[in-house]
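Derivation of every value follows stated rules applied to the coordinates shown; laboratory data play no part. The shown structure was predicted, so the numbers you read here are calculated from the model rather than taken from an experiment. Cβ coordinates were reconstructed from backbone atoms using ideal geometry, including for glycine residues, and neighbour counts include every protein chain displayed.
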Amino acid sequence: MAGKSQNKTDRKNYIFAVLAAFFCIGTAALFPGMAASAEIPWGEKMLRQQADIGFKRGETVYQRITAGGYTVTLADEIPGISLRLTVTMEDGTEYFHDWIKGQDYFSVGEMCLDFEAFDNLLGAKGFSLGLRPWGWMYERGYYVVTEGKPVLIADSWDSYQSGDDYVRDIDGDGENELLCNVVWGDGACRGLVYDYADGQIYVGAMEDLLDEPYDDWGVASFGCQFWEEENVVRIWYWKDELGDYEEKQYAVDLEKIEMKPYEITFGVTSCFEWEE
């Protein structure tokens with residue numbers, strides 16, 4: 001009798017889960033504006049738990065790019081609710097990451113991917129992943145392959161363009177460093193330098209090269225960027241006495257930049273931990 005009672009209870013729980021999942025789908029269909037609400041992650045979780053209700057996953061593939069032996073695929077995970085990014089490694093192993101609509105991106109039409117492979121960057125091989133999840137801020141994450149799995153080692157962002165990053169062997173040791181011109185949402189232009197040394201990734205700010213005083217009145221009181229044409233860092237800084245900016249150019253000298261261990265921050269759409 002105890003077994004029959006348990007079976008009835010399990011069946012009731014299953015029916016309730018299925019009905020709840022369909023309720024979420026129906027609500028999203030009738031009220032599209034609710035698709036980005038806080039209820040979506042719960043609905044997604046319920047659909048994952050009851051995967052056998054006949055809902056088709058991964059039906060639409062939006063992009064597939066192959067580079068350097070890796071293949072990345074962007075497709076529906078749950079149509080209208082979430083996207084799945086899958087990377088296939090050289091040995092055929094697959095890793096994935098899911099993005100939830102309204103939480104990680106605005107619309108699938110804005111999720112255009114840039115995908116490039118590299119052989120010699122910061123002491124390793126791997127790939128970079130760039131995207132514009134909200135239709136304006138461009139993000140790029142750099143991943144190296146460690147023990148067969150992609151691991152985040154650097155990131156950059158740009159609120160205006162489609163990334164402004166450069167690979168250079170700055171110190172002549174045969175290993176390429178990464179220079180990134182980043183632009184914040186408030187228009188502040190800054191530059192980052194990534195370096196690999198003693199088994200550790202380091203990052204520093206190009207503005208450390210500035211050796212002139214300036215008048216600080218906010219984020220736009222100075223700016224800097226790596227200038228590819230001249231292979232130098234341009235830094236402009238405000239002088240009250242001139243009522244204008246002055247500018248100086250500097251060689252990229254890692255000895256004059258305070259390099260700190262890179263701290264991984266999974267706070268943007270392009271930076272995450274892959275699941276196998």
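Numbers below:
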{"item": "In segment 107-168, GluC sites (Glu not before Pro) in a DSSP loop with at most 12 other beta-carbon atoms within 10 Å", "result": "Glu147"}
{"item": "Neighbourhood net charge (11 Å Cβ-Cβ; Lys/Arg +1, Asp/Glu -1) for Val182", "result": "-3"}
{"item": "Neighbour net charge for Glu247 - beta-carbon separation under 14 angstrom, K R +1, D E -1", "result": "-3"}
{"item": "Net length gained if the chain between Asp171 and Arg84 were fully extended (0.36 nm per residue, minus Cα distance)", "result": "27.4 nm"}
{"item": "Derived scalar couplings ³J(HN,Hα) [segment 178-189; Karplus, 6.51 cos²θ - 1.76 cosθ + 1.60; whole Hz; x for Gly, Pro]", "result": "10, 10, 10, 8, 10, 10, 7, x, 8, x, 5, 9"}
{"item": "Segment 111-185-segment 221-276 distance, computed between alpha-carbon centres (Å)", "result": "15"}
{"item": "Length-normalised contact order for segment 90-181 - Cα pairs under 8 Å, 6+ apart - percent", "result": "20"}
{"item": "Integer Hz, Karplus 6.51/-1.76/1.60 couplings in order for segment 211-225, x for Gly and Pro", "result": "10, 10, x, 8, 9, 8, 10, x, 4, 8, 6, 8, x, 7, 6"}
